[in-house]
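Taking it in order: structure first as structure tokens, then the write-up.
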């Protein structure tokens, strides 16, 4: 399924020539879905998409994708097992899971398996593109519809951990606190950098410092920490 040039331009990267094309492997056993999605992604100048019905090691090796877009409903296969296998076969690729049931326990399992992003199949094409670009840039992405329950669960875990008082007593700089709040709003590193007028690498440094000081491991945990008072 092709899209018009005018339609594709609406989703162009701000500067597509600034980096090599993102190679996206679409793995979905629905031929219409995978071929249509691959065709639409190939209309974008900063992406090159290939498609397969199965998570085959040879297919992955031949195409060396930067991002794997994985449908969780691949026949009778265990989607979590497929994600784990893909991580082993393509350790440098970043996995985005499609059509995930928004249950935080399942999300946590996929995160532990190395999945970097989630997108619902009823998302708009713009949301697909934004998720792919963000994950390719090293971000972890969760659809807004999934964040509330997951934040609440992580916040409960953080509050219930031994050493909660230590978290609250850690010396966080005003800038780091600002970064925490913006992560809680769902902003990416690039968006935070633009908001507070600093370089993206400076934001990344603040994020690393926050994780070390608060003994957290992911941006989702930082976001949950920023919402801890609200969900208490």
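The values are calculated or read from the model by the stated rules, or taken from the named source; none is laboratory data. Everything numeric here is computed off the predicted structure, so don't read it as measured data. No Cβ is skipped: glycine too gets one built from the backbone with ideal geometry, and neighbour counts run over all protein chains shown.
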When the residues of segment 59-79 are filtered to those that are within 19 Å of residue 121 (Cβ to Cβ) and in contact with a strand residue (DSSP E or B) (Cβ under 6 Å, 6 or more places away or on another chain), which remaining residue is surrounded by the fewest Cβ atoms within 10 Å (Cβ to Cβ)? 72
Segment 15-34 residues that are in the same structural domain as residue 63 (by TED's automatic domain parsing) and more than 27 Å from residue 53 (Cβ to Cβ), paired with ones that are in a loop (DSSP other than H, G, I, E, B) and at pLDDT 90 or above (beta carbon under 8 Å, 6 or more apart): 16/44; 16/45; 16/46; 17/45; 19/46
Given the criterion farther than 19 Å from residue 110 by Cα and modelled with pLDDT of 90 or more, identify the matching residue among 25, 21. 21
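Sort through 128, 118, 110, 151 and tell me the only one that's modelled with pLDDT under 85, within 30 Å of residue 38 (Cα to Cα) and either assigned to a helix (DSSP H, G or I) or in contact with a strand residue (DSSP E or B) (Cβ under 7 Å, 6 or more places away or on another chain) (or both). Before you say what the answer is, go through the steps one by one.
Working: 128 fails: modelled with pLDDT under 85; 118 fails: modelled with pLDDT under 85; 151 fails: within 30 Å of residue 38 (Cα to Cα).
Every option except 110 fails the conditions.
Residue-wise test of (1) surrounded by fewer than 17 Cβ atoms within 10 Å (Cβ to Cβ); (2) out of contact with any helix residue (DSSP H, G or I) (no Cβ under 7 Å at 6 or more places or on another chain); (3) modelled with pLDDT of 90 or more.
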residue	(1), (2), (3)
9	yes, yes, no
16	yes, yes, no
34	no, yes, yes
39	yes, yes, yes
43	no, no, yes
49	no, no, yes
52	no, no, yes
57	yes, no, no
Condition check for residue 105: over 15 Å from residue 33 (Cβ atoms) and either buried (at least 17 other Cβ atoms within 10 Å of the Cβ) or at pLDDT below 90 (or both): yes
Checking residue 85 against (1) over 26 Å from residue 43 (Cα atoms); (2) under 13 Å from the mean Cα position of the chain (by Cα); (3) modelled with pLDDT of 85 or more, only one condition comes out false. Which one? (2)
